[in-house]
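The values are calculated or read from the model by the stated rules, or taken from the named source; none is laboratory data. Everything quoted here is computed from the prediction, not taken from an experiment. For neighbour counting, all protein chains shown are included, and Cβ atoms are generated from backbone atoms with ideal geometry for every residue, glycine included.
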Amino acid sequence: MKLGRKIKKLFTTAQTGEHEADKSFVTAIFVLILFGLVMLFSASSVVSYARFGNTYHYFIRQLVSLAVAVAGFFIVSRINYQIWKKLAIFFLFFSIALLVAVFIPGLRAGIGTANRWIVIFGFNFQPSELVKIAFLIYLATWLEAKRHTVGDLASGVIPFLAILFVIALLLMAQPDLGTLLIIAATAMVVFFAGGAKISHLALIILLAAIAIFAVVSLRASYQNERLKCFKDPNSNTDSHCYQLNQSLIAVGSGGLFGRGLGESRQKYMYLPEVWGDSIFPVIAEEAGFLVSSLLILLYLFLFYRGLLIARGAPDVYGSMLAVGVVTWLAIQTFLNIGGMINLIPMTGVPLPFISAGGTATLSNLLAMGILVNISKHTKQSRINN
């Protein structure tokens, strides 16, 4: 009842000049969240019991994360998005400082060879998720201020590359190539939408491709192995390509209509990370090709409505910020699903709104809250047409 009243209140005018939020957009968000909870419980029940003696461990943990994230969503959706512009530089430097903190002993909480988390009051927090929002807010603010000179090499391209280079360097040191790809690709799309020249963008893409190739080629790392698995999934089925092969088995065995909810066989400790990166294969196995396709269509609908919000935004800042949020989530969704079905190399990024993960869930819904607030200020004729 309380959630229903909050959703209803979300569609009411909060400030002078605002209109109702995009109902289709908000509905799509919560349909994804509810569907994700159902599938997370099914996918994670076996591993939860095996590890913790509790079938509901990952499900309950995600419920707690969602409670915080949804509260943040409602709060942010009621705050005029222009406010974040004033805090853009603070957010950026604070998020970069958190990226540095993952290398400080006593604060960092590494898993294996990766240093991507810090411990705050006993909870693991992934700073790179905060960087996604902070960098987009800063980039949208910067592009609005530089909208007449963004096409210049000295005042546009070089400053853009400088800040992106700092973030990229810290992410590669963790290492977190998946998040780096999301941030870099999103930044370039927003930079182009903000008025960058195609020739400059082509140069940036070339430099980025060379840098990524050098990192992957010169380091004997898991990225190298993932590229080999992408080329030949059968090259090492017992080790580096194990997750990919189990994912393909899950997706292939689902057929058109799936085995049925709760009937996945791969979740019985065969497929790793079923609560996180690998949740889509379990969805495909249990719900089948039809439901999996509907899920992808729902994502596409969400992104479409988001782009309409960007088109109808009343200013450059709001438009660039909306484009950035939509692009970020679209790229991350593509990287996750594409990696699981071997359309692209696996990157290890979670599926937005579906995979478990406290920091990722919070950052996704905070970004959605900002986008919902932008939708309250749009020129409605550009949303409805």
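Side notes on the structure shown:
- Any hit, the range 333-349, residues being part of a loop (DSSP other than H, G, I, E, B) and without any contact (Cβ under 8 Å) to a residue 12 or more places away in the chain: yes
- Looking across the range 245-283, the residues that are of a type in the set (G, A, S), surrounded by fewer than 24 Cβ atoms within 10 Å (Cβ to Cβ) and not in a helix (DSSP H, G or I) come down to G255, G258, G260, G262, G276.
- The set of residues in the range 113-131 that are in a loop (DSSP other than H, G, I, E, B), modelled with pLDDT under 75 and either within 18 Å of P350 (Cα to Cα) or touching a Leu at 6+ places or on another chain (Cβ under 6 Å) (or both) contains only N115.
- Scanning the range 284-325 for residues that are part of a helix (DSSP H, G or I) and under 25 Å from H148 (Cβ atoms) yields a count of 15.
- Any hit, the range 142-159, residues being closer than 14 Å to W328 by Cβ and either among the hydroxyl-bearing types (S, T, Y) or assigned to a helix (DSSP H, G or I) (or both): no
- Hey, F192 more than 21 Å from the chain's Cα centre (by Cα), among the aromatic types (F, W, Y) and either surrounded by fewer than 16 Cβ atoms within 10 Å (Cβ to Cβ) or within 25 Å of T141 (Cβ to Cβ) (or both) or not: no
- Here is the figure for the range 29-88: residues that are among the β-branched types (V, I, T) and not in a helix (DSSP H, G or I) total 2.
- V190 out of contact with any strand residue (DSSP E or B) (no Cβ under 9 Å at 6 or more places or on another chain), at pLDDT 90 or above and part of a helix (DSSP H, G or I): yes
- Leading residue by the ranking (nearest to L34 (Cα to Cα)) among those in the range 56-70 that are buried (at least 16 other Cβ atoms within 10 Å of the Cβ) and either in contact with a Cys (Cβ under 9 Å, 6 or more places away or on another chain) or not hydrophobic (A, V, I, L, M, F, W, C) (or both): Q62
- The range 228-241, subset within 11 Å of P345 (Cβ to Cβ) and either exposed (fewer than 15 other Cβ atoms within 10 Å of the Cβ) or among the basic types (K, R) (or both), residue modelled with the lowest pLDDT: K228
- Any hit, the range 39-53, residues being out of contact with any Lys or Arg (no Cβ under 8 Å at 6 or more places or on another chain), surrounded by fewer than 21 Cβ atoms within 10 Å (Cβ to Cβ) and within 22 Å of S363 (Cα to Cα): yes
- Qualifying residue in the range 290-309 (condition: among the aromatic types (F, W, Y), over 30 Å from M320 (Cβ atoms) and modelled with pLDDT of 90 or more): no
- T361 vs. criteria in a helix (DSSP H, G or I), polar (S, T, N, Q) and under 14 Å from the mean Cα position of the chain (by Cα): yes
- Tally of residues being surrounded by fewer than 24 Cβ atoms within 10 Å (Cβ to Cβ) and either within 14 Å of I296 (Cα to Cα) or of a type in the set (F, W, Y) (or both) across the range 318-334: 5
- Of the residues making up the range 319-333, at least one is modelled with pLDDT of 95 or more, of a type in the set (F, W, Y) and more than 24 Å from F41 (Cα to Cα).
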